[in-house]
Every structure is written in C-alpha cells, then in structure tokens.
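No value in this document is a laboratory result; all are computed from the given coordinates. All figures in this text were calculated on a predicted structure; none of them were measured in a lab. Cβ sites come from the backbone with ideal geometry, for glycine too, and all protein chains shown count toward neighbours.
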Amino acid sequence: MTAIWWIRRDLRLTDNAPLHSALQADSVLPVFIIDPIFDLSSARRKNFLYEGLHVLDKDLRERGSYLLIRKGKPLDVLKQLVAETKAEGIFAEEDFTPYARKRDLETEHHLPLHLVSGQTVHHPNTVLKSDGTPYTVYTPYSKVWKSILPEKLNLVPAPENINTPFEIANEKLPPFKTNPLFPAGEKEALVRLEEFLFRKIHSYGEERNRMDLDGTSSLSPYLRFGMLGLRQAVSVARQAAAEKRGVGAEVWLNELIWREFYIQILYHFPYVSKTSFKPSLANIPWRNDESEFQAWKDGKTGVPVIDAAMRQLKEIGWMHNRARMIVASYLVKDLLIDWRWGEAWFMENLLDGDPAANNGGWQWTAGTGTDAAPYFRIFNPVLQSAKLDPNGDYIRRWVPELSGVDAKDIHAPWKNGSKIKGYPEHPVIERDKERTLQVYRLSKEEMKAWK
DNA sequence: TGAAATGTTGGGGCG
DNA sequence: ACGCCCCAACATTTC
C-alpha cells in the first residue's frame, strides 16, 4: 500500500508531520506539484523553490527515495496519481492562506486527503479569546500562546529510510540558478540555525535592529518554504531562553510568535489581503505618484537609507527587517502611496515573501492593520539611519555612489550642499508630516460622517 | 517596532 | 552655605 506525501511549504525531512504519517504505509511517494498559479508568483522566489526541490530530491535519494515532480492543477494531478499508484491516502501539511484552504477543501472533497498540522506551533483555531473570537492584538495573543506551549514539542527526527516506488513517470524540474547568498535546502537552514544559536543569539536583542551588522537570523527564506519548521525554531529558541543565554533568545521567540500571529490573522480575517483591517482607514486618498513609486523601487529616492535598502532587495531578494519598516513607512507615510503597491513589490522580490507576514507588516506600518502602529507614528528615515547605521556602512555597501561620503553627512547628504556624482541632489519629496496626518485624519472623519 | 515638544529633575558652576 | 541659573538626562505628552 502506497501513501502520497504531498509537499507544499514543508521542504524538509525533520519534524515533518505529514511525512511521518505517510510512513505508516508500506511505501511513500513524495510529490511536489507545480501549480499553474505559480505563473503569477515571483520569478526569484520560484527560483529559490526549484533549487529547494532539487536539494530535497538529493536528500531523499540519500534515504532510498526521490522527489516526484508533476505539473498541473493539483486536483487533476492528484487524481491521476492516485489512479496510477493505487495510493490509499494523501498526506499534506495544513496551510492557512486563503488560496491553500480553498485548494485543499476542494481536494478533500474528491480524494482521501489528510491534512496534518505542522506549519505552526498552535493551530489558528486553538489560540482564541475566552469568547471564542481571535486575538487582534499581539501582546495578549503572545501571552496565551506561551501559556499553552507544551513543555516539550516532541520534534520528529528525519526518517533514515523511505521506501518509494520508482516506476512512476517523473517530470523535469524547471531550470534554476543556485543562489549564492541564500543556498536553498534543509541542510543549509540547519547550518544557519546552529550559527545563529551559537554566535548571534546572545546579542540578538541589541543588534537585530542594526542594519550595518549581521545580527538577524537570516532564516526567513527557509521558514517561508518550511526548509526549517517553525516548531523547530521555537523549540531551540525556548531552550536557549531557558538556558538564560542572554535576553536575545526571548526576543527571537517573540519574533517567531509574530509569524504565527499574522498567520492566524490572515486565517481569521482573509479580507486583509485585499483591504485594510481597520474599516476607518480603508479609503485613504493616496497620492499614488507613479514616478515617485518608480524611484522608490529603483532605490533612487535621494534618501540614502531608503535607496540602500531598496537596492539590497533588488539585488539579493532579501532586506534587513528594520530597513523594511523604514522603506515601508517612507512609501506609505511620506510618499502617500497605497501600502498595497509596496506589499506587491515586496512579494515580487522577497525570497521570504509570505502572504501573511508581508501583509501584516505592511498593514502594521500603514497603521491600517491589527495591532498597528498608530497612524501618527511616522519614521524619520534620517534619524533611523543615523541611529541604526551609525557609521553609514550599510548605505555604502548598497549605494556605491556614496562610498566616499563620511558618516557625518551620509544620512542626509543634501544638507551639506556639496554635489555627489551620480546621486540625486535632493530627495524625491520634501517630507511633510502634517500633510500625512491630515490625509489620515480626513479619511477617519469621512468614514464617520458617511456612517 | 516614532518623533518632537514640553515638563521635571538634579548636579555643577558661580557669585 | 545658599540661591540662582544652566543644561543634560530623563519622563511625559501630543500628534
């Protein structure tokens, strides 16, 4: 008897609950389906995914198995595969995005699909207020989340052997290029996790916001595709916190909880992917200036920290977390461009681009979301830059035109008056905090009046 | 996971 | 020794 392990966002063998369940059968067929909907997804994220699948295939072959690739609509592909293999069960890790839920519901209707929890530590339906409604504020959510965390998560180790039927027609993996900065795969994820735990986590609390240092875990692309499981990350974070290895471990644990917080927000309030969580800020009269948007995307706004961050994104498909908040605030609060434009650009470029986390982050910055920054909180990019890239090393790393500018002038070179070759003389816009506040206030008042 | 304005406090210089 | 002023450091308020 054969079971199908349908792989989606769980490209790993360690602590893989659906794989573990499938192994009860005599043989297991690991399958990844290249869904036509991927055509709408970002090229660089697909590249990372395909490299990840290539690595997963190698990891499986070390265990006597391999990865079967099929292309097409998941339901059609699975129906076909069940017919070919006489498989009696399909096991998959439950995924909580609106698209995934619809796809899985349809599949469950026609096929013996068994959805297994594993993407999160707590299922979105299990962390609820006493009246049964979901939390929309992070702090109480995280308190309850921690209070119901079991003593041990009982991670399931990677199986040593997987018995797989080999006689099934396989398709070729689409071509990809290896990513030198973020090599895909579970082994790489585990190396990074170790590195983070032994070298960086101690100072994570103080250094995670410093854009010029390598203080973050840089695990997000791996978590995005389940090359590392959130449960694994939480398990080691908890252990490190218990061993009192600095406050860093607790800070990191909270960052991981933010992930689950936004996963459950998108699960319970799927409309947030289309519009503002707060109805009162759903109709902000954005300026939406196309040429300013272009300057932002290209990293040519004339504000060094913004340009550094946007070029980092374009070049490597990843951006420092603090930089994400600064560029998002600049787009939304200074340029007054719809946060959804920024959200879409991030999704197009981030290796870790995830519908829940990305949407949550943008709505937080825009002030439109759950537990959002109040709308009057506006980042001053120059102050943030001076504080969190004090020597200007981050800026010089990504904006070579500014490599000769010293720390004193690099955060706001236009104030100095001297021209820099190849770099805008003035920022694309003169920041106007009052204008932003008015636009937001107006939106709120109009909503009230309309009611 | 803001910034800036305003208020409060306390140490030190000075007559 | 004392009051006065200055100002940095910190706290509070406001948007």
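Relative to the dominant Cα principal axis of chain A, helix A:339-349 is inclined by about 50°.
With the simple spin-label model, which puts each label point 7 Å out from Cα in the Cβ direction, the residue A:163 to residue A:129 separation comes to 5.2 nm.
Cross-link pairs exceeding 18 Å between alpha carbons, from the set A:58/A:172; A:297/A:333; A:152/A:200; A:408/A:433: A:152/A:200; A:408/A:433.
Pull out a ≥ b ≥ c, the square roots of the eigenvalues of the alpha-carbon gyration tensor of segment A:279-450, then state rounded if a/c is under 1.5, prolate if not and a/b is larger than b/c, and oblate in the remaining case.
prolate
If you look at the Cα atoms of segment A:2-119, you get an Rg and a Dmax of 13.4, 38 Å.
Residues A:29, A:75, arranged from fewest to most other Cβ atoms within 10 angstrom of their Cβ, appear as A:75, A:29. Sparsely packed loop sites in segment A:214-296 (the GluC sites (Glu not before Pro) outside DSSP H, G, I, E and B with at most 16 other Cβ atoms within 10 Å) comprise A:243. How many percent of the alpha carbon pairs in chain A exceed a separation of 35 Å? That tail contains 35 percent of the Cα-Cα pairs. Between 0 and 90 degrees, the angle of helix A:304-316 with respect to the longest Cα principal axis of chain A falls at about 20 degrees.
With distances taken between every two different alpha-carbon atoms, segment A:56-127 has a Kirkwood hydrodynamic radius of 14.0 Å. Excluding same-chain residues fewer than 8 positions from residue A:146, which aspartates and glutamates have a Cα within less than 18 Å of its Cα? Of all the aspartates and glutamates, those that pass the test against residue A:146 - Cα under 18 Å, at least 8 places apart if same chain - are A:243, A:250, A:255, A:260. For segment A:367-451, GluC sites (Glu not before Pro) are listed when DSSP marks them as loop and at most 15 other Cβ atoms sit within 10 Å of their Cβ; the list is A:425, A:430.
Taking loop as defined by DSSP and a crowding limit of 15 other beta carbons within 10 Å, which GluC sites (Glu not before Pro) in segment A:160-203 fit?
A:160, A:167, A:171
Candidates A:341, A:437, A:308 compared by Cα position along the dipole of segment A:301-451: farthest toward the positive end lies A:437, with charges placed on Cβ. The fraction of Cα-Cα pairs per 10 angstrom bin, counted from 0 for segment A:299-377, comes to 20, 57, 22, 1 percent, rounded to whole percents. One chain, two ends: residue A:289 and residue A:382. Fully extended at 0.36 nm per residue, the span grows by 31.3 nm beyond their Cα-Cα distance.
For segment A:2-119, the residue among A:22, A:42, A:60 whose Cα projects farthest onto the positive side of the dipole built from Cβ charges is A:42. Compared with the dominant principal axis of the Cα atoms in chain A, helix A:230-242 is inclined by about 70°.
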